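Shown next, in structure tokens, is the structure this report addresses.
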Amino acid sequence: MDDWNHSCQACGSPDVPLTKLSLGKDFFGRPYDRLSPSSDQNPRWYCTSCSFHKQLQRDFRDILAEFDKLRASFISELSKADEFRRASLRLYEIRTILDAPKQTSQFLSNRDVTVLMERLNTLTMPV
Ligand SMILES: [Zn+2]
């Protein structure tokens, strides 16, 4: 029933130490709703590098989702000044990591992060 061959489920590397990744809390400290189809329902197995990049992608997605809410004038974590600042710093950090040589992410492109950073900068930081 399960034909997964014990390689990394992102980059496909065989014979590497794998980490079972279950995403407990999101970037804003909220537990994932495991019943909702948009959240990660199935824990996956990733090699060390991919599980690291998966966390970056998770943070990026969480920030993007809150950004979209903010833009649509819904209640958003980013309407809190602290969270807004934290999210901006995190994006900066993610981009710095993706800029480094040999940091090829299966999940996230440097360009996506840059675009979100630019879009965030067009907003006035809440006070
Ligand atoms: Zn991998």
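Scanning segment 41-60 for residues being away from the ligand (no atom under 16 Å from the Cβ) and either modelled with pLDDT under 90 or surrounded by fewer than 18 Cβ atoms within 10 Å (Cβ to Cβ) (or both) gives a total of 2. Residues of segment 63-82 that are more than 30 Å from GLN9 (Cβ to Cβ) and surrounded by fewer than 19 Cβ atoms within 10 Å (Cβ to Cβ): LEU70, ARG71, ALA72, SER73, PHE74, ILE75, SER79, LYS80, ALA81, ASP82. Whether any residue in segment 66-75 is within 16 Å of the ligand (Cβ to nearest atom) and assigned to a helix (DSSP H, G or I) is what I want to check. No, segment 66-75 contains no residue that is within 16 Å of the ligand (Cβ to nearest atom) and assigned to a helix (DSSP H, G or I). Is there a residue in segment 97-106 that is more than 26 Å from THR48 (Cα to Cα) and either surrounded by 14 or more Cβ atoms within 10 Å (Cβ to Cβ) or free of Cβ contacts under 8 Å to residues at least 60 places away in the same chain (or both)? The answer is no, given that none of the residues of segment 97-106 is more than 26 Å from THR48 (Cα to Cα) and either surrounded by 14 or more Cβ atoms within 10 Å (Cβ to Cβ) or free of Cβ contacts under 8 Å to residues at least 60 places away in the same chain (or both). Residues in segment 83-107 that are over 17 Å from ALA10 (Cα atoms) and in a loop (DSSP other than H, G, I, E, B): ALA100, PRO101. Of the residues PHE60, PHE74, the single one that is in contact (Cβ under 8 Å) with a residue 12 or more places away in the chain and of a type in the set (Phe, Trp, Tyr) is PHE60.
Candidates are the residues of segment 5-20 that are touching a residue at least 12 places away in the same chain (Cβ under 8 Å), part of a loop (DSSP other than H, G, I, E, B) and more than 8 Å from the ligand (Cβ to nearest atom); the one that is nearest to SER105 (Cα to Cα) is PRO17.
Looking at (1) within 16 Å of the chain's Cα centre (by Cα); (2) at pLDDT below 95, which is the only condition ARG119 fails? Status for ARG119: all satisfied but (1). Among the residues of segment 40-65, those that are among the polar types (S, T, N, Q) and not in a loop (DSSP other than H, G, I, E, B) comprise THR48, SER49, SER51, GLN55, GLN57. Every condition in (1) modelled with pLDDT of 90 or more; (2) within 29 Å of LYS102 (Cα to Cα); (3) more than 15 Å from the ligand (Cβ to nearest atom); (4) not β-branched (Val, Ile, Thr) holds for LEU23 except the one numbered (1).
The values are calculated or read from the model by the stated rules, or taken from the named source; none is laboratory data. Since the structure is predicted, the reported quantities are computational estimates derived from the model, not experimental observations. Don't worry about glycine lacking a Cβ; one is built from the backbone with ideal geometry, like all the others, and counts go over all protein chains shown.
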